[in-house]
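The values are calculated or read from the model by the stated rules, or taken from the named source; none is laboratory data. Nothing here was measured: the structure is a model prediction, and the numbers come from that model. All Cβ positions, even for glycine, are placed from backbone atoms using ideal geometry, and neighbour counts span all protein chains on display.
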Amino acid sequence: MILVTGATGTIGREVLRGLPAGVPVRVMAREPSRVVGAPDGTETVAGDYTDPGSLERALRGVRRAFVLTSRVGGDDDARFVRAARSAGVRHLVKLSAAAVADGGAHDLITRWHRANEELLRGSGMEWTVLRPRAFMSNTLSWAASIGSDRVVRTLYGHSVNVCVDPRDVAAAAVCALTEDGHEGRVHTLTGPEPISAVEQTAQLGRLLGAPLRFQELSPEQARAALSRRHPSSVVEALLEGAERQRAGAKARAEDTVLRLTGRPARTFLTWARDHITAFGGGPDAAGAGRHGPSGGLRAG
């Protein structure tokens, strides 16, 4: 039995879709009604990291588990690891972050991921760590301003990140959950090439059939914008991460997706084309992005 947590989120949904037919799967979710796209025969149970009884029920009979937590600074991982060890789970596949390996990264989010990785290593169970760079889907936060005034606003428009398609992260997780040989391994997951927000903006504009304007925010403006969505400690961590990106810490591409799945990591253009409706585009816009001239864009 494989247990999937975080199945209502960006990565967990794709993990569910990628699991092969015939594999016994259980999903733990706070709101089971929100779980969609699960394979036929998937068992869905209500569970919460803060509820030991629900963890015990969710983990009963589980051999491998996909662990995704999001409460930065919290002890959800410690609670889950204790329950998994008690339940006799053999192997945990943990979603972490590539910044853990960045020697200059000491922000709150990275320290939390590092502590959770150390917890996993000391658990006595087999483990696999997945360390993705930023998700391409983070650009969905631009959809509102693109729709309202055809503009993208963010920090450091020319700094680059080898951002990764969430579907590729999920595919790596499926490999670790269904194959032997991933025990004790760390998989760093990136896209095929570094790309800047300015380049992403240009590619989205091309797919939409109308140029978009890029407006670079100052750190103060970015802090104000982020503070509307995150607590101050997380805001400062995100701003520190942006500074590391500007310094070039997030520009190195890895071939891990190719090695694990047998196919190259998807480009940002591919991700954007597949999600263009979220930015106000339609099927015609997606088709133009696929078949039209490249215009000098880095189109994979």
> Which residues, taken from segment 1-22, are surrounded by 15 or more Cβ atoms within 10 Å (Cβ to Cβ), in a loop (DSSP other than H, G, I, E, B) and modelled with pLDDT under 95?
Replying inline: Gly6, Ala7, Thr8, Gly9, Leu19
> (1) over 15 Å from Leu130 (Cβ atoms); (2) within 14 Å of the chain's Cα centre (by Cα): which one isn't true of Ser159, the others all being true?
Replying inline: (2)
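Does Gly147 fit the bill of being part of a loop (DSSP other than H, G, I, E, B) and surrounded by fewer than 22 Cβ atoms within 10 Å (Cβ to Cβ)?
Numbers: part of a loop (DSSP other than H, G, I, E, B): no; surrounded by fewer than 22 Cβ atoms within 10 Å (Cβ to Cβ): yes.
So Gly147 does not fit the description; no.
Of these, Glu31, Glu43, which one is in the same structural domain as Asp76 (by TED's automatic domain parsing), within 22 Å of the chain's Cα centre (by Cα) and acidic (Asp, Glu)? Outline the logic, then answer.
Numbers: Glu43 fails: within 22 Å of the chain's Cα centre (by Cα).
Exactly one of Glu31, Glu43 is in the same structural domain as Asp76 (by TED's automatic domain parsing), within 22 Å of the chain's Cα centre (by Cα) and acidic (Asp, Glu), namely Glu31.
Determine whether Ala65 is surrounded by 14 or more Cβ atoms within 10 Å (Cβ to Cβ), part of a helix (DSSP H, G or I) and not polar (S, T, N, Q).
Numbers: surrounded by 14 or more Cβ atoms within 10 Å (Cβ to Cβ): yes; part of a helix (DSSP H, G or I): no; not polar (S, T, N, Q): yes.
For Ala65, the condition - surrounded by 14 or more Cβ atoms within 10 Å (Cβ to Cβ), part of a helix (DSSP H, G or I) and not polar (S, T, N, Q) - is not met.
Kindly establish whether Gly37 is assigned by TED's automatic domain parsing to the domain that holds Arg71, in contact with a helix residue (DSSP H, G or I) (Cβ under 7 Å, 6 or more places away or on another chain) and on the phi > 0 side of the Ramachandran plot.
Details: assigned by TED's automatic domain parsing to the domain that holds Arg71: yes; in contact with a helix residue (DSSP H, G or I) (Cβ under 7 Å, 6 or more places away or on another chain): yes; on the phi > 0 side of the Ramachandran plot: yes.
Spelling it out, Gly37 is indeed assigned by TED's automatic domain parsing to the domain that holds Arg71, in contact with a helix residue (DSSP H, G or I) (Cβ under 7 Å, 6 or more places away or on another chain) and on the phi > 0 side of the Ramachandran plot.
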>> When the residues of segment 91-126 are narrowed to those that are touching a helix residue (DSSP H, G or I) at 6+ places or on another chain (Cβ under 9 Å) and part of a strand (DSSP E or B), which ends up surrounded by the fewest Cβ atoms within 10 Å (Cβ to Cβ)?
In response: His91
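Are there any helices (runs of 4 or more DSSP H) wholly within segment 164-265 with 3 or more residues that are more than 20 Å from Ala143 (Cα to Cα), and if so which?
Working: elements: 166-178, 197-208, 219-227, 232-246, 256-261.
The qualifying helices (runs of 4 or more DSSP H) are 166-178, 232-246, 256-261.
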> Does any residue of segment 253-274 turn out to be under 26 Å from Leu212 (Cα atoms) and without any contact (Cβ under 8 Å) to a residue 60 or more places away in the chain?
Replying inline: yes
> Scanning for something surrounded by fewer than 19 Cβ atoms within 10 Å (Cβ to Cβ) and modelled with pLDDT under 95, does segment 260-280 turn up at least one residue?
Replying inline: yes
>> Is it the case, given these coordinates, that Thr139 is touching a residue at least 12 places away in the same chain (Cβ under 8 Å), surrounded by 22 or more Cβ atoms within 10 Å (Cβ to Cβ) and in a strand (DSSP E or B)?
In response: no
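Please go through segment 23-34 and give me each residue that is assigned to a loop (DSSP other than H, G, I, E, B) and within 20 Å of Lys94 (Cα to Cα), ordered by number. Break it down stepwise before answering.
The first filter runs over segment 23-34 and keeps only residues assigned to a loop (DSSP other than H, G, I, E, B), leaving 23-24, 30-31.
Listed by number, the residues that qualify are Val23, Pro24, Arg30.
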> For Arg71, all conditions in the list (1) surrounded by 15 or more Cβ atoms within 10 Å (Cβ to Cβ); (2) within 17 Å of the chain's Cα centre (by Cα) hold save one; what is the number of the exception?
Replying inline: (1)
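Answer with yes or no whether Ala65 is within 21 Å of Thr261 (Cα to Cα) and of a type in the set (Gly, Ala, Ser).
Numbers: within 21 Å of Thr261 (Cα to Cα): yes; of a type in the set (Gly, Ala, Ser): yes.
Yes.
For segment 6-28, give me each residue that is farther than 20 Å from Thr261 by Cα and either basic (Lys, Arg) or not assigned by TED's automatic domain parsing to the domain that holds Pro52 (or both).
We begin by selecting, within segment 6-28, every residue farther than 20 Å from Thr261 by Cα; these are 6-9, 24-28.
Matches in segment 6-28: Arg26 only.
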> If you check Leu177, Leu189, which single one turns out to be within 19 Å of Gly241 (Cα to Cα), within 21 Å of the chain's Cα centre (by Cα) and modelled with pLDDT of 95 or more?
Replying inline: Leu189
